[in-house]
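J.: My questions all concern the structure below.
We did not get these values from a lab; they are worked out from the coordinates using the rules stated. Nothing here was measured: the structure is a model prediction, and the numbers come from that model. All Cβ positions, even for glycine, are placed from backbone atoms using ideal geometry, and neighbour counts span all protein chains on display.
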Amino acid sequence: MRLFGTPTSPYTRKARILVRAAGLEVPLVDTRTEDGAAALAHLAPLGKVPVLEVADADGSLLTLPDSSVIAAWLWTHHAPALRASGLAPPPEAWAERDALIVVEGALDAAINRFYLLRDGLPNQGYVTRQRDRVTTTLTWLDARMPAFARPLTPAALSLGCALDWMAFRAVVDLARFPRLAAFRDAWTASGVGAGTEPG
């Protein structure tokens, strides 16, 4: 079993937290290295991270190419350990699913904007629409996300990883979103992501 990703990726971080909560010791293959990038290209044609390589029931290797797919596989195979770690299973309620999509949409827009600006694109057009999408979705989440609590829902797990990445990359002033800032403070104090911080 191997997890492919980068220490800075919030989606890789989510997978790392879940793998650890499941009680599994899975090495992280850093895809920023030449060997890691080559291995990722062989396993996952999209080239996005994280990717979890696991043994299927028949012993063949199975490639799970997305954090949500990884989460679903872990819940299928390690639910008791995940529950014991204070995590909640994938949501059945539509409102919870909606929150998860909005959290990850805000994160995707923030990531897009960060890398487009870093690559030298002007702060206009699509780039500014990404900024606006981040602001709109964080405003929506600030009004609707409950306070940090256990068991930690999938949306809350994604939110903690997203807010830490946004702070790490300095792409958002969280002081503009007081409930989200309070959530992040409680998330940090809980230690749920300790040892997986972006860096």
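J.: Calculated FRET efficiency, Ala167 and Glu96, Cβ-Cβ r, R0 22 Å, to nearest 0.05?
T.: Numbers: r = 24 Å, r/R0 = 1.10.
So, using R0 = 22 Å, E works out to roughly 0.35.
J.: Something else about it: Assigning unit charges at the beta carbon (Lys, Arg +1; Asp, Glu -1) and nothing else, what dipole magnitude in debye, to the nearest 20, does the stretch 135-199 show about its Cα centre?
T.: 160
J.: Shifting gears a bit: Give the percent of DSSP beta bridges with both residues in the chain that are antiparallel, rounded to the nearest 5.
T.: If I count the DSSP bridges inside the chain, around 65 percent turn out antiparallel.
J.: 7 Å from Cα along Cα→Cβ at both Asp56 and Thr8: what's the point-to-point distance in nm?
T.: 3.5
J.: I'd like the Karplus ³J(HN,Hα) series for the stretch 46-57: coefficients 6.51, -1.76, 1.60, θ = phi - 60°, whole numbers in Hz, and an x wherever there's a Gly or Pro.
T.: 6, x, 9, 10, x, 9, 10, 9, 10, 7, 6, 4
J.: Quick one: 3J(HN,Hα) in Hz for the stretch 98-113, Karplus 6.51/-1.76/1.60 with θ = phi - 60°, rounded, Gly and Pro as x.
T.: Karplus values, whole Hz, x for Gly and Pro: 4, 4, 4, 5, 5, 4, 6, x, 4, 5, 4, 5, 5, 5, 4, 4.
J.: Sticking with this structure for a sec: Taking amide H positions as placed 1.01 Å from N in the peptide plane, with prolines and chain starts having none, which residues 5 or more places from Leu62, or on another chain, fall under 5 Å of its amide H?
T.: Val54, Ala55, Asp56
J.: Stretch Thr63-Thr33 to full length: gain in nm at 0.36 nm per residue minus the Cα-Cα span? Mind showing how you got there, number by number?
T.: Details: separation 30, 0.36 × 30 = 10.80 nm, distance 1.98 nm.
Full extension from Thr63 to Thr33 adds 8.8 nm.
J.: Given Cβ point charges of +1 (Lys, Arg) and -1 (Asp, Glu) and nothing else, what value in debye, to the nearest 20, does the dipole of the stretch 9-74 about its Cα centre take? Could you put the intermediate results ahead of the total?
T.: On the way: 6 positive and 8 negative charges, 81 e Å.
Result for the stretch 9-74 is approximately 380 debye, rounded to the nearest 20.
J.: Out of Ala162, Ser9, Gly36, whose Cα points farthest toward the positive end of the dipole of the chain (charges: +1 Lys, Arg; -1 Asp, Glu; placed on Cβ)?
T.: Final value for the positive-end residue is Ala162.
J.: So how much slack lies between Ala186 and Ala84, counting 0.36 nm per residue of separation and subtracting their Cα-Cα distance, in nm?
T.: 34.8 nm
J.: Let me ask you something else. Dimensions of the chain along principal axes (Cα, Å, largest first)?
T.: So the extents along the principal axes, rounded to whole Å, are 49, 39, 30.
J.: Here's another thing I want to ask about it. Tabulate in residue order the Karplus-calculated ³J(HN,Hα) for the stretch 7-17, using 6.51 cos²θ - 1.76 cosθ + 1.60 with θ = phi - 60°, rounded to whole Hz; enter x for Gly and Pro.
T.: In residue order, the calculated couplings are x, 8, 6, x, 6, 4, 4, 4, 5, 4, 5 Hz.
J.: Roughly how big is the chain's charge dipole about its Cα centre, with Cβ charges of +1 (Lys, Arg) and -1 (Asp, Glu), in debye to the nearest 20? All intermediate terms of the calculation are to be shown ahead of the outcome.
T.: Numbers: 20 positive and 20 negative charges, 120 e Å.
With Lys and Arg at +1 and Asp and Glu at -1, about 580 debye.
J.: Within 10 Å, count the other beta carbons around each residue, average over each peptide in 65-74, 136-145, and list them highest first.
T.: Details: 65-74: 19.6, 136-145: 16.9.
Ranking, from highest mean packing down: 65-74, 136-145.
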